[in-house]
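The values are calculated or read from the model by the stated rules, or taken from the named source; none is laboratory data. All figures in this text were calculated on a predicted structure; none of them were measured in a lab. Cβ coordinates were reconstructed from backbone atoms using ideal geometry, including for glycine residues, and neighbour counts include every protein chain displayed.
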Amino acid sequence: MVELTVSRLGLDSATNAYVVMLREKAGTRVLPIWIGKPEAESILMQMNHLKRERPLTHDLCKSLITALGGALRRVTISRVEKNTYFAELHLEGANGLVTLDARPSDSIAIALRLASPIFAAEALLAPTDLEDEEGSDRALAADSPSGQELSPEQLQAYLETLRPEDFGKFTP
């Protein structure tokens, strides 16, 4: 297993789907995972430390885990079958370690909220030819307003302005 960090979040214009780019923590390989809009918004909000007036589902998951005295030890993205990625939440609680099947997008959103590590199977990672990540490519986390609350309409408008080149070069 290889530890990953959330590198980027964007919109793939070819599929009109959101993509979370995970990057090898100690390397350059990447793992792009296509996700739904609600999960993209949740990940983006956490990356930018934005808060909603009421908790989102992933905030509720965090509250449940911590209120029950548990801890998220890690998220593991284990395999892909027919273009569907599979992940597991490794939770530790009063009864020991429990592993739960989960979607990678939900797992990532929860891991970010609990500052838990994200791992993936070595075979899922691909070499990257992404250009300068800090240069002309725009990552959502870097350009969105930090520290202030966005309305759902503002967040949607922001996500809709993104271009394919904002997220590097990759294919599903």
If you go through the stretch 58-79 one residue at a time, do you hit one that is β-branched (Val, Ile, Thr), modelled with pLDDT of 95 or more and closer than 23 Å to Thr15 by Cβ? yes
Scan the stretch 92-106 and give yes if some residue there is buried (at least 20 other Cβ atoms within 10 Å of the Cβ) and in contact with a helix residue (DSSP H, G or I) (Cβ under 6 Å, 6 or more places away or on another chain), otherwise no. yes
When (1) surrounded by 13 or more Cβ atoms within 10 Å (Cβ to Cβ); (2) touching a strand residue (DSSP E or B) at 6+ places or on another chain (Cβ under 6 Å) are applied to Val80, the one that fails is (2)
Can you tell me which residue within the stretch 107-140, out of those that are at pLDDT 95 or above and among the hydroxyl-bearing types (Ser, Thr, Tyr), is surrounded by the fewest Cβ atoms within 10 Å (Cβ to Cβ)? Ser116
Which of the following residues is under 16 Å from the mean Cα position of the chain (by Cα) and of a type in the set (A, V, I, L, M): Leu89, Leu64? Leu89
Pair list, Cβ < 9 Å and 6+ apart or interchain, from the stretch 50-62 residues that are more than 17 Å from Arg74 (Cα to Cα) and without any contact (Cβ under 8 Å) to a residue 12 or more places away in the chain to residues that are among the basic types (Lys, Arg) and surrounded by 17 or more Cβ atoms within 10 Å (Cβ to Cβ): Pro55/Lys62
Search the stretch 1-27 for residues being of a type in the set (Val, Ile, Thr) and at pLDDT 90 or above, and hand back the single one that is surrounded by the most Cβ atoms within 10 Å (Cβ to Cβ). Val20
